[in-house]
1. Taking segment 32-46 as the region of interest, how many residues are within 13 Å of F88 (Cα to Cα) and not aliphatic (A, V, I, L, M)?
2. Assess whether T201 counts as being hydroxyl-bearing (S, T, Y), in contact (Cβ under 8 Å) with a residue 40 or more places away in the chain and surrounded by 16 or more Cβ atoms within 10 Å (Cβ to Cβ).
3. If you go through segment 163-186, how many residues are without any contact (Cβ under 8 Å) to a residue 24 or more places away in the chain and not in a helix (DSSP H, G or I)?
4. Is there a residue being basic (K, R) and farther than 18 Å from V100 by Cα anywhere in segment 38-54?
5. Restricting the first residue to segment 48-71 and requiring it to be free of Cβ contacts under 8 Å to residues at least 12 places away in the same chain, which pairs with a second residue that is assigned to a loop (DSSP other than H, G, I, E, B) and surrounded by fewer than 16 Cβ atoms within 10 Å (Cβ to Cβ) meet a Cβ separation below 7 Å and a spacing of at least six or different chains?
6. Within the bounds of segment 35-42, is there any residue that is among the hydroxyl-bearing types (S, T, Y) and closer than 23 Å to S57 by Cβ?
7. Can you pull out every residue in segment 27-44 that is touching a strand residue (DSSP E or B) at 6+ places or on another chain (Cβ under 9 Å) and farther than 21 Å from G137 by Cβ?
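The values are calculated or read from the model by the stated rules, or taken from the named source; none is laboratory data. Note that this is a predicted model, so its numbers are computed, not measured. A quick note on method: Cβ atoms are made from the backbone with ideal geometry, for glycine too, and the neighbour counts reach across all protein chains shown.
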Amino acid sequence: MKFDVETHLGAMERSVSALEREGQSARAVTLSRSFATTVDDLWDAVTNGERIPRWFSPVSGDLQLGGRYQLEGNAGGVVTACEPPSHFALTWEFAGVSWVEVRVADGGDGSARLTLSHIAHLSDHWDQYGPGAAGVGWEMGLLGLALHIAQPDAPKPDEAAFAASPDGKAFITGSSEGWEQAAIAAGTDPEAAHAAATRTTAFYTGEAVP
């Protein structure tokens, strides 16, 4: 099946907002996308420990309120809220602590909509890479989710091979550019937003910064 880069990029809504978390300035990177499935199925896909590895990463731990989880080779943390089938929240502990909130809702027309917000304190990392550091990574995750929802029994694509392919590089570049525009819409200086997006694209594609 041919991968349609523009369709997947266009399916995503991206936004950046300023807020405070634990008394410090923070930013929320928010993604929203509809999936051709039911609310219950989408909720199961993002909370069931047997399904999560089929589109994201292997996960271990106690996937319930108050439980601690660990993604293989990635973040761990604690589930801080869980209201099936509409909302869960967790800490994201990887080179510091940030926070992830996920909401699932009826999208109408037989679809279900997922909205994910990743909240982090301002830092040198944010100054260097902007919202795309988290945004592009989550967007690739939700791409994996879309492919899994469309073909539940298909094997998970190889992430490294995809990122190195022409389609993968086009998707990463388009996603990074989308986060550049979201940063500008949130008040970031356009020149700084573009520089951060360029560094983010280079990071995810493994290519040198121009």
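1. Total satisfying the criteria: 2.
2. Spelling it out, T201 is indeed hydroxyl-bearing (S, T, Y), in contact (Cβ under 8 Å) with a residue 40 or more places away in the chain and surrounded by 16 or more Cβ atoms within 10 Å (Cβ to Cβ).
3. Of the residues in segment 163-186, 1 are without any contact (Cβ under 8 Å) to a residue 24 or more places away in the chain and not in a helix (DSSP H, G or I).
4. Within segment 38-54, one or more residues are basic (K, R) and farther than 18 Å from V100 by Cα.
5. Within 7 Å, the pairs are R68/D62.
6. There is at least one residue in segment 35-42 that is among the hydroxyl-bearing types (S, T, Y) and closer than 23 Å to S57 by Cβ.
7. A36, T37, T38, V39, D40, D41, W43
Residue by residue, here is whether (1) surrounded by fewer than 17 Cβ atoms within 10 Å (Cβ to Cβ); (2) closer than 14 Å to W43 by Cβ; (3) free of Cβ contacts under 8 Å to residues at least 24 places away in the same chain; (4) within 18 Å of the chain's Cα centre (by Cα) holds:
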{"site": "G77", "(1), (2), (3), (4)": "no, no, yes, yes"}
{"site": "T80", "(1), (2), (3), (4)": "yes, no, yes, no"}
{"site": "H87", "(1), (2), (3), (4)": "yes, yes, yes, yes"}
{"site": "L90", "(1), (2), (3), (4)": "no, no, yes, yes"}
{"site": "F94", "(1), (2), (3), (4)": "yes, no, yes, yes"}
{"site": "V100", "(1), (2), (3), (4)": "no, no, yes, yes"}
{"site": "R103", "(1), (2), (3), (4)": "yes, yes, yes, yes"}
{"site": "G108", "(1), (2), (3), (4)": "yes, no, yes, no"}
{"site": "L114", "(1), (2), (3), (4)": "no, yes, no, yes"}
